[in-house]
1. If you restrict to DSSP beta bridges whose two residues both lie in the chain, what percentage is antiparallel, to the nearest 5?
2. What is the gain in length, in nm to one decimal, between Glu130 and Ile102 on full extension, counting 0.36 nm per residue of separation less the C-alpha to C-alpha distance?
3. How large a share of the accessible area of the chain, in percent, is made up of carbon and sulfur atoms when the probe is 1.4 Å and the other protein chains stay in place?
4. In angstroms, what radius of gyration and Dmax does the stretch 147-253 have, counting Cα atoms only?
5. Could you give the radius of gyration (one decimal) and Dmax (whole number) of the Cα atoms in the stretch 141-180, in Å?
6. How would Arg126, Arg70, Arg83 rank on accessible area, largest to smallest, probe 1.4 Å?
7. Please report Rg (one decimal) and Dmax (integer) in Å for the Cα set of the chain.
8. How much solvent-accessible surface does Arg158 expose, in Å² to the nearest 10, with a 1.4 Å probe and all protein chains in place?
Amino acid sequence: MNNILTLTNMTMQFGGVVAISNLSLKVDDGEIVALIGPNGAGKTTAFNCITGIYTPTDGSIFFKDKPLLRIPTYEITKLGISRTFQNIRLFSSLSVFDNVLIALHLRAKDNPLSATLRFNYKEEKRMREEASILLEKQSLLKYKNEIASSLPYGLQRRLEIARALATSPTLLLLDEPAAGMNPQETKELTEYIFQIRKEYNLSILMIEHHMDLVMDISDRIYVLDFGKMIAHGSPKEIQNNPQVIKAYLGEAE
């Protein structure tokens with residue numbers, strides 16, 4: 001199995017606070033890997049380091065054998081890493097269609113001059129057709145003219161994932177995709193993640209607190225506590241790990 005993402009001894013320090021300490025993890029081709037832990041464990045900080053928002057204090061990050069340190073976020077996205085956020089970050093005042101179209105422009109082949117002189121009409125037409133196809137595949141086409149913020153919460157989550165898919169990633173980072181969802185929405189999300197993994201040939205790294213979803217969907221799980229990895233393994237191994245139960249899942253009475 002080919003390796004997609006590798007973090008080696010990654011440390012992220014903010015002044016005197018060590019948010020992540022010597023974190024090592026990997027994601028292989030086609031895997032769904034979960035990163036779990038209590039609030040404040042450093043999970044989103046890890047995502048921010050992978051996507052170039054933060055530069056780690058120490059350690060290395062490789063994506064398909066290419067080092068990611070000190071590369072701008074938009075270049076990392078062009079390499080094939082896309083993400084969603086714990087708090088949904090759509091262009092809330094724009095339409096569903098325009099949210100996806102903007103993401104498609106990341107891979108557009110035009111330039112400012114050709115856009116100004118309307119030489120790019122074929123490229124624009126192609127992207128609009130591609131946006132419609134993507135929305136149809138995600139069962140969102142009927143909402144294309146709706147303002148993004150007017151959608152129900154579960155559909156906003158799906159739109160954020162659709163927008164991430166528009167950048168043609170090979171690695172998708174999902175930051176608490178089930179946050180705020182009811183059990184039925186969570187069940188549908190689980191099926192949806194399996195669907196897009198297969199359809200788009202994705203590897204997925206996911207932060208999630210919903211343990212049923214994590215255990216159902218993950219090939220492997222890493223557990224953080226106070227910025228340090230305390231366990232990793234299969235869902236069954238994590239469920240039965242005493243240190244994880246004590247730190248995160250809750251001790252049995």
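The values are calculated or read from the model by the stated rules, or taken from the named source; none is laboratory data. Keep in mind the model is a prediction, meaning the values are calculated, not measured. Quick note on the areas: whole protein, heavy atoms, side chains included, nothing else; ligands and nucleic acids left out. Shrake-Rupley method; radii C 1.70, N 1.55, O 1.52, S 1.80 Å.
1. Working: 21 of 37 bridges.
Of all bridge pairs located within the chain, approximately 55 percent are antiparallel.
2. Details: separation 28, 0.36 × 28 = 10.08 nm, distance 1.17 nm.
Extra length from Glu130 to Ile102 when fully extended: 8.9 nm.
3. Numbers: 6370 of 12610 Å².
Reported share for carbon and sulfur atoms: 51 percent.
4. Rg then Dmax for the stretch 147-253, in Å: 15.2, 48.
5. Radius of gyration, then largest Cα-Cα span, for the stretch 141-180: 11.1, 30 Å.
6. On the way: Arg126 90, Arg70 185, Arg83 30 Å².
Most to least solvent-accessible, the answer reads Arg70, Arg126, Arg83.
7. Expressed in Å, the Cα Rg and Dmax of the chain come to 18.9, 71.
8. Solvent-accessible area, nearest 10 Å²: 50 Å².
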